[in-house]
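First comes the structure, then the notes that go with it.
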Protein chains: 2
Amino acid sequence: MISKTFEFSILHKSKKSSARRGRITTPHGVIETPAFVTVGTKGTVKSLTPEDLALTGTQFVFCNTYHLVLSPGVDVLKKAGGIHAYSKINEPIITDSGGFQVFSLGGNRKLTINNSNDDSKQKSTLVSISDEGVRFKSHTNGDEYFFTPEFSIQSQVAIGADFVVSFDENIYYGATEGYTKRSLARTQDWAKRSLNEFHVTRDTFHKSKQQIYGVIQGGMYKDLHVNSAKKISALPFFGLAIGGVSVGMSKSEIRENVSWTLDVIDSDSRPRHLLGIGHIDDIVDMVKMGVDTFNCVTPTRDARVGKLYIKNGILDVMLTKYKADLSPIDPMCGCYTCKTFTRSYLHHLFKQRELLAYRLATIHNLFFMEEYFKKIREKNETGKL
Amino acid sequence: MISKTFEFSILHKSKKSSARRGRITTPHGVIETPAFVTVGTKGTVKSLTPEDLALTGTQFVFCNTYHLVLSPGVDVLKKAGGIHAYSKINEPIITDSGGFQVFSLGGNRKLTINNSNDDSKQKSTLVSISDEGVRFKSHTNGDEYFFTPEFSIQSQVAIGADFVVSFDENIYYGATEGYTKRSLARTQDWAKRSLNEFHVTRDTFHKSKQQIYGVIQGGMYKDLHVNSAKKISALPFFGLAIGGVSVGMSKSEIRENVSWTLDVIDSDSRPRHLLGIGHIDDIVDMVKMGVDTFNCVTPTRDARVGKLYIKNGILDVMLTKYKADLSPIDPMCGCYTCKTFTRSYLHHLFKQRELLAYRLATIHNLFFMEEYFKKIREKNETGKL
């Protein structure tokens with residue numbers, strides 16, 4: 001079932017926790033796990049060239065199907081030969097299903113879901129959900145789109161990342177038990193349709209150089225959650241992604257939710273991706289629970305407001321105390337920014353809103369994340385996790 | 001008088017025009033002239049690292065004293081060891097006097113100059129000009145500054161560029177004969193004070209690794225103009241800059257003004273810089289009149305709105321027709337952007353306001369400018385100008 005160009009192997013398992021040291025092989029190279037997945041929403045990691053990105057040590061890039069469908073559009077990406085050829089990003093890439101954005105952006109944030117089982121009672125006029133799919137208007141130009149599992153997969157196959165993700169409904173935080181049940185049944189059905197569409201379309205276009213992740217949604221009701229996780233993980237996906245834990249939940253709820261999932265899915269054969277989580281203080285806990293990869297916008301978003309990652313927290317380079325500080329962000333850091341520029345210069349660039357600021361800060365934070373994961377992998381190998 | 005680290009030599013003079021092929025030697029390397037001077041207002045060429053800048057072929061960088069005094073401030077630059085050490089820009093740098101910004105920005109654009117000879121009748125409360133200097137409020141934070149020739153030169157020496165520029169009053173377009181006469185007398189006096197201050201302060205700080213340009217202002221009255229140009233050029237400046245021709249004048253007025261100056265200043269011993277002019281359609285004419293170097297924000301500013309320079313004009317990459325165009329901006333161009341990305345990708349980045357857009361476009365336009373000047377120098381050497 002799985003093409004020879006793709007492989008997942010576990011190199012080492014912790015005796016103290018569920019942490020694992022693994023390796024994902026793809027046509028665009030190897031990802032040593034646990035790994036951070038850098039977000040490049042629109043086929044560009046904001047402010048970086050592919051060469052900058054490589055120098056940060058980035059192993060894996062996450063692009064958003066919703067945004068790419070809107071611009072440059074699937075036809076352009078298809079004509080260009082896929083997202084790697086178009087963006088010149090060299091690392092393995094994963095696209096999401098579009099589901100998260102359809103529900104959070106597509107509705108222009110005006111979505112109000114009726115908890116009734118009757119879909120026709122939904123109040124939003126911008127997003128309408130049915131078992132067939134999700135109809136919504138673009139948050140940028142008002143164009144109408146109909147996202148179905150088939151449309152999502154066809155789009156993702158045309159985008160041509162190494163990994164695509166099955167189409168899912170992102171359950172909103174606070175959904176009732178009734179709504180959760182209905183939503184999970186829909187996600188389950190959409191997972192099967194996604195898998196089917198993937199096998200039909202990928203060979204006609206990218207000659208098997210793609211694999212697919214299933215998305216596990218669960219919600220806050222343990223029985224429903226466990227049942228759903230079991231059903232999704234029973235399907236022949238290459239990898240499993242855990243969704244629905246990034247919006248609204250407290251840190252303890254996130255941990256509880258992820259553990260419900262990880263307790264029931266098969267352990268060694270597939271990589272596990274946690275969608276949208278990547279705060280420094282979450283990562284080690286999640287790795288110990290058995291998560292392999294994490295995508296999160298926080299390190300790059302923090303960078304663009306001058307919040308620079310250092311060993312014991314965050315250095316806010318906009319503070320006046322750095323105005324004349326001629327030391328690097330972190331004297332021990334080996335990134336281009338730290339080897340070249342001072343806190344004072346970065347302070348000046350940020351205060352003056354100079355474009356170079358965002359790039360230098362992004363390079364630093366991504367390098368920091370990669371070094372951080374390198375240490376996690378080392379700790380894992382030496383039995384310290 | 002001139003330090004051995006600085007030299008200007010003329011390698012070839014045209015027989016058909018006043019064009020010359022020259023070379024300016026500085027502690028930061030050689031500038032082959034005619035040359036474009038890339039503007040990096042605040043000690044950063046917008047969006048580029050020093051490495052990017054070097055790859056465009058940039059030979060010479062222009063920074064603005066007014067902006068650098070406001071941020072990061074002269075004390076920071078002094079502590080850092082000057083603008084090269086602070087910004088890591090490797091090319092020779094010239095700073096302006098601050099005069100242009102003091103008059104155009106410092107007054108928050110509300111300056112209304114009374115044409116009377118009596119300075120006390122000036123109407124502006126934000127900028128007040130006297131023979132001593134110019135008092136004005138910062139356009140960013142309202143702090144009050146008093147720019148005098150001495151303050152400008154002390155600031156520029158601390159900034160530490162290869163070249164500093166004498167403090168001048170930028171005559172506004174449309175000034176009466178009376179006002180022009182008075183203003184030119186002031187600029188003449190300020191030139192002497194600048195030169196004096198330069199010789200007093202530079203040796204205490206940068207050990208002679210700087211040289212100074214005088215600024216010739218002239219205005220629209222030929223007799224006054226010629227008289228002023230003669231007086232400024234009689235002073236022992238390393239180079240001569242022509243000011244006051246970038247705001248308000250028509251193209252024919254610019255040519256007339258520049259020719260008045262060039263006709264009277266000595267011909268071979270000093271480099272001639274034209275302040276603020278660098279539109280493609282002006283350059284060849286000005287080179288033929290004998291200008292050696294040009295600074296202008298237009299190529300970088302155009303880049304940041306998607307106006308990309310090509311052989312026969314400008315390619316506006318925001319146009320819908322480039323949405324799916326998979327060719328480079330210019331198939332014959334050797335810049336990083338053209339060798340790596342397509343018009344379609346640039347269109348997508350610009351439309352989505354992605355930060356990478358501004359950088360890729362800036363790299364292309366600067367590379368174009370450098371290639372353009374390379375051709376001018378070749379034409380000059382082969383007697384075709």
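The values are calculated or read from the model by the stated rules, or taken from the named source; none is laboratory data. All values reported here derive from a predicted model rather than from experimental measurement. Backbone-built Cβ (ideal geometry, glycine too); neighbour counts: all protein chains shown.
Taking the condition surrounded by fewer than 19 Cβ atoms within 10 Å (Cβ to Cβ), within 9 Å of another protein chain (Cβ to nearest Cβ) and either among the aromatic types (Phe, Trp, Tyr) or under 30 Å from residue A:334 (Cα atoms) (or both), does residue A:79 pass? Against the criterion (surrounded by fewer than 19 Cβ atoms within 10 Å (Cβ to Cβ), within 9 Å of another protein chain (Cβ to nearest Cβ) and either among the aromatic types (Phe, Trp, Tyr) or under 30 Å from residue A:334 (Cα atoms) (or both)), residue A:79 does not qualify.
Among the residues of segment A:20-47, the one identified as closer than 22 Å to residue A:287 by Cα and not in a strand (DSSP E or B) is A:34.
Of the residues that sit in segment A:316-334 and are part of a loop (DSSP other than H, G, I, E, B) and in contact with a His (Cβ under 6 Å, 6 or more places away or on another chain), which one is farthest from residue A:52 (Cα to Cα)? If we take residues in segment A:316-334 being part of a loop (DSSP other than H, G, I, E, B) and in contact with a His (Cβ under 6 Å, 6 or more places away or on another chain), then A:323 is farthest from residue A:52 (Cα to Cα). On the basis of being part of a helix (DSSP H, G or I), aromatic (Phe, Trp, Tyr) and out of contact with any Gly (no Cβ under 6 Å at 6 or more places or on another chain), does residue B:309 make the cut? Against the criterion (part of a helix (DSSP H, G or I), aromatic (Phe, Trp, Tyr) and out of contact with any Gly (no Cβ under 6 Å at 6 or more places or on another chain)), residue B:309 does not qualify. Taken over segment B:63-112, the criterion of being assigned to a loop (DSSP other than H, G, I, E, B), under 15 Å from the mean Cα position of the chain (by Cα) and modelled with pLDDT under 90 is satisfied by B:98 alone. Of all residues in segment A:299-312, those that are modelled with pLDDT of 95 or more and out of contact with any strand residue (DSSP E or B) (no Cβ under 9 Å at 6 or more places or on another chain) total 2.
Rundown of residues vs (1) more than 9 Å from every other protein chain (Cβ to nearest Cβ); (2) free of Cβ contacts under 8 Å to residues at least 60 places away in the same chain; (3) crowded, with 21+ Cβ neighbours inside 10 Å; (4) within 24 Å of residue A:355 (Cβ to Cβ), yes/no style:
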| residue | (1), (2), (3), (4) |
| --- | --- |
| A:9 | yes, yes, no, no |
| A:22 | yes, no, yes, no |
| A:36 | yes, no, yes, no |
| A:40 | yes, yes, yes, yes |
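Scan segment B:303-360 for residues that are hydroxyl-bearing (Ser, Thr, Tyr) and within 22 Å of residue B:279 (Cβ to Cβ) and the total you get is 3. How many residues are among the small types (Gly, Ala, Ser) and either within 11 Å of chain B (Cβ to nearest Cβ) or without any contact (Cβ under 8 Å) to a residue 12 or more places away in the chain (or both) if we restrict to segment A:56-76? Number satisfying all stated conditions: 2.
Return yes or no: is residue A:26 more than 20 Å from residue B:354 (Cβ to Cβ) and more than 14 Å from chain B (Cβ to nearest Cβ)? Taking the combined requirement at face value, the residue satisfies it. Of all residues in segment A:42-76, those being over 30 Å from residue B:321 (Cα atoms), among the hydrophobic types (A, V, I, L, M, F, W, C) and surrounded by fewer than 24 Cβ atoms within 10 Å (Cβ to Cβ) number 2.
Right, residue B:371: more than 9 Å from chain A (Cβ to nearest Cβ), free of Cβ contacts under 8 Å to residues at least 40 places away in the same chain and out of contact with any Ser or Thr (no Cβ under 7 Å at 6 or more places or on another chain) or not? Against the criterion (more than 9 Å from chain A (Cβ to nearest Cβ), free of Cβ contacts under 8 Å to residues at least 40 places away in the same chain and out of contact with any Ser or Thr (no Cβ under 7 Å at 6 or more places or on another chain)), residue B:371 does not qualify.
Among the residues making up segment A:228-250, a single one is out of contact with any Gly (no Cβ under 8 Å at 6 or more places or on another chain), free of Cβ contacts under 8 Å to residues at least 40 places away in the same chain and within 18 Å of residue A:175 (Cα to Cα): A:250.
Whether any residue in segment B:234-252 is over 19 Å from residue B:35 (Cβ atoms), of a type outside the set (Asp, Glu), outside any loop (DSSP other than H, G, I, E, B) and in the same structural domain as residue B:21 (by TED's automatic domain parsing) is what I want to check. Checking segment B:234-252: at least one residue is over 19 Å from residue B:35 (Cβ atoms), of a type outside the set (Asp, Glu), outside any loop (DSSP other than H, G, I, E, B) and in the same structural domain as residue B:21 (by TED's automatic domain parsing). Restricting segment A:302-352 to residues that are at the interface with chain B (Cβ under 10 Å from one of its Cβ atoms) and among the hydrophobic types (A, V, I, L, M, F, W, C), the residue that is surrounded by the most Cβ atoms within 10 Å (Cβ to Cβ) is A:349.
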